[in-house]
Amino acid sequence: MSELTMEKLVGFCKRVGFVFPGSEIYGGMGNTWDYGPIGIELKNNIKKLWWKKAVQESENSYGIDTSILMNPMVWKASGHLDNFSDPLMDCRECKTRHRADKLIEEYQRKTNNFDVNPDALDKAELYDYIIKHNIKCPNCGKLNFTEVRNFNLMFETNRGVSEDKQSKIYLRPETAQGEYINFLNLQRTTRAKIPFGVANIGKAFRNEITPGNFTFRTIEFEQMEHQLFCHEKDAKSFYDYYKNFAMEFFISLGIPKEKLKFKDHDKLAHYASAACDVHYKFPFGWDEINGTHLRGTWDLSRHQEFSGKSMAYTDPFTNETFVPTVVEHTIGCDRLALALLCNAYDEEVLEGGDTRVVLRFTPQVAPYKVCVLPLQKNLSEKARQVYKMLTKKFMCSYDESGSIGKRYRRQDEIGTPYCITIDFDTLNDESVTIRERDSMKQERIKINELLGFLTPKIEE
Ligand code: GAP
């Protein structure tokens with residue numbers, strides 16, 4: 001296969017309906033994307049599969065769905081108002097804004113010179129490195145930057161009509177705070193004993209100014225976050241557990257081990273005392289899809305301090321009273337969808353020299369599980385009956401336009417694992433032809449055996 005570039009993937013996703021550029025008819029808006037009819041199915045599958053592992057199959061684990069907008073005191077207490085920033089500099093020549101650490105990373109990638117880790121440098125050191133290595137503005141090619149300063153990533157908005165200080169609120173930059181501020185409600189209603197976990201899936205917002213590499217870095221994205229409340233003495237073993245939990249989850253979705261690696265953080269967020277990401281080998285290089293964070297008692301203690309409500313937990317067996325420690329595991333749903341797309345994309349040269357684009361998704365991840373195809377339009381009544389039966393169980397598509405070969409190709413390139421063709425014999429023998437995407441093998445099967453054949457392949 002010719003090399004998969006991000007440019008090729010962006011064009012492909014737009015063409016087949018995975019992802020469209022945000023606000024496209026108005027010339028777009030940087031770092032925003034919309035998911036099309038196939039993309040939303042992919043994301044829904046990812047969220048469902050993660051929820052199954054993180055809540056349904058995890059003992060003493062619960063779900064919650066919290067607000068995007070919260071009392072601004074949440075962000076004062078969490079430390080985001082004071083600490084959640086990126087090191088930015090402006091180009092004095094062309095007035096564009098850049099992240100100093102990302103300029104250095106890009107320079108290091110291009111020159112293959114990884115002499116220092118930009119995450120470990122402070123503002124003055126970042127600036128000195130850029131000057132010393134003559135790193136120019138990527139927009140205008142000049143070297144005339146302002147000094148590096150901290151730029152808070154939270155989006156602000158105003159509640160009500162006035163724009164005074166009191167009305168200022170923030171769009172959440174992480175979903176996790178929703179779990180912390182509900183700790184008392186969660187504990188009371190679940191009657192859960194520590195250790196217990198809480199999962200939250202939802203949108204988060206960050207005022208990112210660096211180019212995003214498609215959906216890798218956007219200003220609005222979805223997080224799947226899980227907070228484990230435990231005793232401090234157990235935190236390290238849960239931290240290791242959740243590092244592996246994430247890695248195994250990605251492998252279970254079909255990403256090969258060789259394309260994944262752990263990466264410890266050199267620079268820790270203000271709330272973490274240890275952090276380890278899983279990186280995937282994207283076409284633009286290794287980068288983060290998830291993080292496991294040892295947040296200790298930072299969040300609950302700070303909310304205790306700022307709200308005046310006790311976050312203490314009394315162990316019913318030992319009678320010890322303490323503020324629980326938190327181990328967080330968090331996955332960017334959009335980054336995982338992007339990794340799965342990159343991993344699945346293949347251009348296969350067939351016998352005879354033709355090339356087919358095929359997305360080799362596992363059936364669990366694939367947007368559509370089955371496509372029903374009448375060989376000719378006058379078979380559509382029977383085909384629709386089969387389609388209706390299958391839609392009760394799976395996400396299916398139906399296609400009756402174009403040659404059968406073209407229709408198979410259309411399903412290959414969106415990753416549909418099974419195509420079912422209705423032909424004239426079907427009317428007599430109640431059988432259909434089922435074609436498997438990767439092997440392209442076809443077999444004949446009775447309609448009343450279809451669900452029994454497909455269900456274990458698609459759901460397990
Ligand atoms: N609650 C902890 C937290 O938010 P994070 O490492 O800043 O930690 C978690 O973010 C995950 O969210 C990342 O691993 C990444 O997958 C995703 N993420 C973060 N910023 C993003 C962005 N601008 N665009 C898309 N995904 C992003």
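The values are calculated or read from the model by the stated rules, or taken from the named source; none is laboratory data. Just so we're clear, the structure is a prediction, and the values are computed from it rather than from any experiment. Every residue, glycine as well, gets a Cβ built from its backbone with ideal geometry; the counts of neighbours run over all protein chains shown.
Annotations
- No other residue among PRO324, PRO316 is in contact with a helix residue (DSSP H, G or I) (Cβ under 8 Å, 6 or more places away or on another chain), away from the ligand (no atom under 11 Å from the Cβ) and in contact (Cβ under 8 Å) with a residue 60 or more places away in the chain apart from PRO324.
- Just one of the numbered conditions (1) within 15 Å of the ligand (Cβ to nearest atom); (2) within 25 Å of GLU328 (Cβ to Cβ) is not true of MET6: (2).
Conditions tested, residue by residue: (1) within 16 Å of the ligand (Cβ to nearest atom); (2) assigned by TED's automatic domain parsing to the domain that holds ASN244; (3) over 30 Å from SER252 (Cβ atoms).
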| position | (1), (2), (3) |
| --- | --- |
| LEU336 | yes, yes, no |
| TYR345 | no, no, no |
| GLU348 | no, no, no |
| GLY353 | no, no, yes |
| VAL357 | no, no, no |
| ARG360 | no, no, no |
| VAL372 | no, no, no |
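Okay, residues lined up against (1) more than 22 Å from ASP287 (Cα to Cα); (2) in contact (Cβ under 8 Å) with a residue 40 or more places away in the chain; (3) of a type outside the set (Gly, Ala, Ser):
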| site | (1), (2), (3) |
| --- | --- |
| GLY141 | yes, no, no |
| PHE145 | yes, yes, yes |
| ASN150 | yes, yes, yes |
| ASP164 | yes, no, yes |
| GLU179 | yes, yes, yes |
| GLY212 | no, yes, no |
| ILE219 | no, yes, yes |
| CYS230 | yes, yes, yes |
| ALA235 | yes, yes, no |
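- Of all residues in region 126-177, those that are over 30 Å from ASN113 (Cβ atoms) and not hydroxyl-bearing (Ser, Thr, Tyr) total 20.
- Residue check, ALA366 within 16 Å of the ligand (Cβ to nearest atom), among the small types (Gly, Ala, Ser), crowded, with 21+ Cβ neighbours inside 10 Å and in contact (Cβ under 8 Å) with a residue 24 or more places away in the chain: no
- Of the criteria (1) aliphatic (A, V, I, L, M); (2) outside the structural domain of CYS230 (by TED's automatic domain parsing); (3) under 31 Å from the mean Cα position of the chain (by Cα), which one MET389 fails: (3)
- Sole residue being of a type outside the set (Val, Ile, Thr), over 16 Å from the mean Cα position of the chain (by Cα) and surrounded by 20 or more Cβ atoms within 10 Å (Cβ to Cβ), chosen from ALA235, ALA272: ALA235
- Scanning region 286-297 for residues that are crowded, with 21+ Cβ neighbours inside 10 Å and of a type outside the set (Ser, Thr, Tyr), we see that the one that is farthest from the ligand (Cβ to nearest atom) is LEU294.
- Helices (runs of 4 or more DSSP H) within region 53-170 that include 2 or more residues surrounded by 18 or more Cβ atoms within 10 Å (Cβ to Cβ): 73-78, 100-111, 123-132
- Residue among PHE196, PHE245, PHE216 that alone is more than 12 Å from the ligand (Cβ to nearest atom) and under 18 Å from ASP277 (Cα atoms): PHE245
- Hey, ARG360 surrounded by fewer than 18 Cβ atoms within 10 Å (Cβ to Cβ) and within 27 Å of the chain's Cα centre (by Cα) or not: yes
- Filtered residue count, region 253-283, keeping only those that are farther than 25 Å from GLU7 by Cα and touching a residue at least 12 places away in the same chain (Cβ under 8 Å): 15
- Set GLU105, GLU174, GLU179: member being outside the structural domain of MET224 (by TED's automatic domain parsing) and out of contact with any Asp or Glu (no Cβ under 6 Å at 6 or more places or on another chain): GLU105
- Taking region 272-285 as the range and being more than 12 Å from the ligand (Cβ to nearest atom) and at pLDDT below 95 as the test, the residues that pass are SER273, ALA274, PHE284, GLY285.
- Residue satisfying condition, being farther than 29 Å from HIS279 by Cα, at pLDDT below 95 and of a type in the set (A, V, I, L, M), within set LEU373, LEU350: LEU350
- Being within 24 Å of LEU171 (Cα to Cα) and modelled with pLDDT under 95 is a property that PRO72 lacks.
- The residues of region 6-43 that are surrounded by fewer than 17 Cβ atoms within 10 Å (Cβ to Cβ), within 16 Å of the chain's Cα centre (by Cα) and in a helix (DSSP H, G or I) amount to a single one, ILE40.
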